[in-house]
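As structure tokens, the structure follows; a few thoughts come after it.
The values are calculated or read from the model by the stated rules, or taken from the named source; none is laboratory data. What you see is a predicted model; the values in this text were computed from it and never measured. With ideal geometry, Cβ positions are generated from the backbone for all residues, glycine too; neighbour counts draw on all protein chains shown.
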Amino acid sequence: MGGFPLRILVVGAGIAGLAVARALRLAGFRPDVTEKLPPSERGDVGLYLPGNAARALRRLDLDGPVRPLGHVIHRQRFLDAAGAPLCEVDLDALWAEVGECRALPRAELHRVLLTGAGGAVRHGAEISTVEPLPGGVAVGFTDGTSGEYDLVIGADGPRSTVRTLAALGGPPRPVGQVVYRAVVRGGPPVADWTALLGERAGFLVVPIGAGRLHCYADEAGTALPADPLARLRELFGDYGGPVPDVLDALDTVHAELTEEVELGRWFHNRVLLVGDAAHATAPTLSQGAAMALEDAVVLAESLRAAGSVEAALIAYESRRRPRTRWVRDRTRDRNRTRDVPPALRDPLLRGRGGRIFQEHYRLLVDPL
């Protein structure tokens, strides 16, 4: 269908939606992009992109604009709660034939994708109805406007409105994990991706350039704390390594409950889900953005190669499901590892941790 003037609507202007818009434009399509939120600067959080994300950015011809941003990460270091070494992963060796790992502010990647999408985003456009038509989809918006499209792509996150309206699945499932994110300026010098593993909790520090650190922490739980910063200091106050200095430098912390999306199908008629709307997982493997970028590449390839929209969606889902399932299963594996008491877990990680954690990415080193 390359060059055929399909009317495509992308719902959501986050990483997944903008990546899909970029990939479709490179393939010769001209999608509309809508976002229910008004235009604003993204939250002050960091993002770690493993090597497969770098490969997808190359396929989107966006590796050049991203290259000056953030900090290249060469090694993952795992420490116990006191700051003593457990194991490490050589990222340059792991992703040698794929791409370098990079950490950067999420807002900087979003700006690159927004420019790369190449068209205006219609902000404040919240969809209210999705109705099948012969060979298309009718979409209604809360402001009373409507449109008809050959394909609607829901890239609107774990709590996807498109997923609900198209009857592709219900709400996301809570994972039982509270996560905390922050960006620290003026904190301790940290050169590597550095995680400290404690009792059903962990604290991660990653440099994202310009003297800034991305901080991510999690704990088992089902309720958000009233004061995330106070809870973080309470939970990790006895940790070693860089954590004490990071806690001293913190001023704003974002907390949220982790949710997972697992669906029996990703499309119905001509409505398709991508990114977290289709396959969100806990952020343990840092694969959310990478999976969204890969989705975009494969979807554009499928639409160009297939003879019909239906055939393209079948081809797309058949290619993407094995990789996203791998990420989901390995994410659950790593979360279970954290739940093992440190007295049992830490000796295992000192002996085999590097191989265990490297294995979690084995399938993702392979081509898309």
Test Pro65 against the criterion of being more than 24 Å from Ile153 (Cα to Cα) and more than 16 Å from the chain's Cα centre (by Cα), and give yes or no. yes
Residue that is modelled with pLDDT of 95 or more and touching a helix residue (DSSP H, G or I) at 6+ places or on another chain (Cβ under 7 Å), where the choices are Leu60, Leu79, Leu9: Leu60
Which count do you get for residues in the stretch 296-338 that are aromatic (Phe, Trp, Tyr) and surrounded by 21 or more Cβ atoms within 10 Å (Cβ to Cβ)? 1
Among residues belonging to the stretch 263-284 that are within 10 Å of the chain's Cα centre (by Cα) and among the hydrophobic types (A, V, I, L, M, F, W, C), point out the one that is surrounded by the most Cβ atoms within 10 Å (Cβ to Cβ). Ala280
Considering only the stretch 215-230, I want to know if a residue exists there that is closer than 21 Å to Gly46 by Cβ and assigned to a helix (DSSP H, G or I). yes
Scan the stretch 144-159 and report the pairs whose first residue is aliphatic (A, V, I, L, M) and whose second residue is at pLDDT 95 or above and in a strand (DSSP E or B), with Cβ atoms within less than 6 Å and a gap of 6+ or a chain change. Leu151/Ile8; Val152/Leu9; Val152/Val137; Val152/Val271; Ile153/Val10; Ile153/Leu272; Ala155/Val10
I'm trying to understand the selection: among the residues of the stretch 83-92, which are surrounded by 14 or more Cβ atoms within 10 Å (Cβ to Cβ) and out of contact with any His (no Cβ under 8 Å at 6 or more places or on another chain)? Gly83, Leu86, Cys87, Glu88, Val89
Which residue pairs have Cβ atoms closer than 9 Å, lie 6 or more positions apart in sequence or on different chains, and pair a first residue in the stretch 60-81 that is without any contact (Cβ under 8 Å) to a residue 24 or more places away in the chain with a second residue that is assigned to a strand (DSSP E or B) and buried (at least 19 other Cβ atoms within 10 Å of the Cβ)? Arg67/Arg102
Just name the residue that is nearest to Asp218 (Cα to Cα) out of those in the stretch 311-368 that are touching a helix residue (DSSP H, G or I) at 6+ places or on another chain (Cβ under 6 Å) and of a type in the set (Gly, Ala, Ser). Ala315
Tell me whether the stretch 338-349 contains one or more residues that are in contact (Cβ under 8 Å) with a residue 60 or more places away in the chain, over 25 Å from the mean Cα position of the chain (by Cα) and not in a helix (DSSP H, G or I). yes
Mind checking whether some residue in the stretch 245-253 is small (Gly, Ala, Ser) and not in a helix (DSSP H, G or I)? no
Can you give me the number of residues within the stretch 156-204 that are within 18 Å of Asn335 (Cβ to Cβ), in a loop (DSSP other than H, G, I, E, B) and over 20 Å from the mean Cα position of the chain (by Cα)? 3
Out of the stretch 4-30, which residues are surrounded by fewer than 24 Cβ atoms within 10 Å (Cβ to Cβ) and more than 19 Å from the chain's Cα centre (by Cα)? Phe4, Pro5, Leu6, Arg7, Ile8, Arg25, Leu26, Ala27, Gly28, Phe29, Arg30
Every residue from the stretch 156-201 that is surrounded by 22 or more Cβ atoms within 10 Å (Cβ to Cβ) and within 16 Å of Gly83 (Cβ to Cβ): Trp193, Thr194, Leu196, Leu197
Residue pairs qualifying under the 7 Å Cβ cut-off, at least six apart or on distinct chains, with the first in the stretch 308-330 being touching a residue at least 60 places away in the same chain (Cβ under 8 Å) and assigned to a helix (DSSP H, G or I) and the second being surrounded by 15 or more Cβ atoms within 10 Å (Cβ to Cβ) and of a type outside the set (A, V, I, L, M, F, W, C), are Val309/Asp150; Val309/Arg270; Ala312/Ser302; Arg328/His279; Arg328/Thr281
For the stretch 202-246, the count of residues that are under 28 Å from Val72 (Cα atoms) and either exposed (fewer than 14 other Cβ atoms within 10 Å of the Cβ) or of a type outside the set (A, V, I, L, M, F, W, C) (or both) equals 16
